[in-house]
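> I'd like to ask you about the structure that follows.
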Amino acid sequence: NEYKETVFFMTVNDINKVSDALKNRPSRFKFVREFTNPSLELKAEVLDDYELAKSIGDVSLDQLFKVKQHKELKEDF
């Protein structure tokens, strides 16, 4: 198989559990990015509500946008 101009992604929950042989293999993975849960400041910006942002605790970005969607639906009624 030829994989010219193909980009491969790998997602893991814990990068420390991935074998060093795989992580450090030449021409396999050039970049490692960690996507952490949003900060209080980002939550407040997305929700436009600092108190709500403080009250929801530690949530993922996906969960944050669901909270925003729910908030907007409540505001429409």
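> Name the one entry in VAL12, VAL59, VAL18 that is modelled with pLDDT of 85 or more, surrounded by 11 or more Cβ atoms within 10 Å (Cβ to Cβ) and within 17 Å of the chain's Cα centre (by Cα).
Values: VAL12 fails: surrounded by 11 or more Cβ atoms within 10 Å (Cβ to Cβ); VAL18 fails: within 17 Å of the chain's Cα centre (by Cα).
Only one candidate qualifies: VAL59.
> Something else about it: Could you run through region 15-54 and say how many residues are among the small types (Gly, Ala, Ser), farther than 27 Å from LYS66 by Cβ and not in a loop (DSSP other than H, G, I, E, B)? Spell out the reasoning first.
First, the residues of region 15-54 that are among the small types (Gly, Ala, Ser): 19, 21, 27, 39, 44, 53.
The next check asks that each one be farther than 27 Å from LYS66 by Cβ; those that pass are 19, 21, 27.
Narrowing the set further to residues that are not in a loop (DSSP other than H, G, I, E, B) leaves 21.
Within region 15-54, residues that are among the small types (Gly, Ala, Ser), farther than 27 Å from LYS66 by Cβ and not in a loop (DSSP other than H, G, I, E, B) number 1.
> Looking only at region 3-14, decide whether some residue is assigned to a helix (DSSP H, G or I) and out of contact with any His (no Cβ under 8 Å at 6 or more places or on another chain). Write out each step before concluding.
In the first step, residues of region 3-14 are kept if they are assigned to a helix (DSSP H, G or I); the result is none.
No, because not a single residue in region 3-14 is assigned to a helix (DSSP H, G or I) and out of contact with any His (no Cβ under 8 Å at 6 or more places or on another chain).
> Take region 21-56 and flag every residue that is at pLDDT 85 or above, β-branched (Val, Ile, Thr) and closer than 30 Å to VAL7 by Cα.
Selection gives THR36 alone.
> I would also like to ask the following. Looking only at region 62-77, how many residues end up being surrounded by 10 or more Cβ atoms within 10 Å (Cβ to Cβ), under 20 Å from the mean Cα position of the chain (by Cα) and of a type in the set (D, E, K, R)?
Looking only at that region, the number is 2.
Matching residues to (1) in contact with a strand residue (DSSP E or B) (Cβ under 8 Å, 6 or more places away or on another chain); (2) within 30 Å of LYS74 (Cβ to Cβ); (3) aliphatic (A, V, I, L, M):
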site	(1), (2), (3)
ASN13	no, no, no
LYS17	no, no, no
ALA21	no, no, yes
ARG25	no, no, no
PHE29	no, no, no
GLU34	no, no, no
PRO38	no, yes, no
GLU41	no, yes, no
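> Which residues, counting only those in region 26-54, are surrounded by fewer than 10 Cβ atoms within 10 Å (Cβ to Cβ) and over 26 Å from THR11 (Cα atoms)? Give the steps one after another, and end with the answer.
Quick first cut of region 26-54, residues surrounded by fewer than 10 Cβ atoms within 10 Å (Cβ to Cβ) only: 26-27, 30-31, 33-36, 51.
Across region 26-54, the qualifying residue is only GLU51.
The values are calculated or read from the model by the stated rules, or taken from the named source; none is laboratory data. Everything numeric in this text was worked out from a predicted model, so none of it was measured. Every residue, glycine as well, gets a Cβ built from its backbone with ideal geometry; the counts of neighbours run over all protein chains shown.
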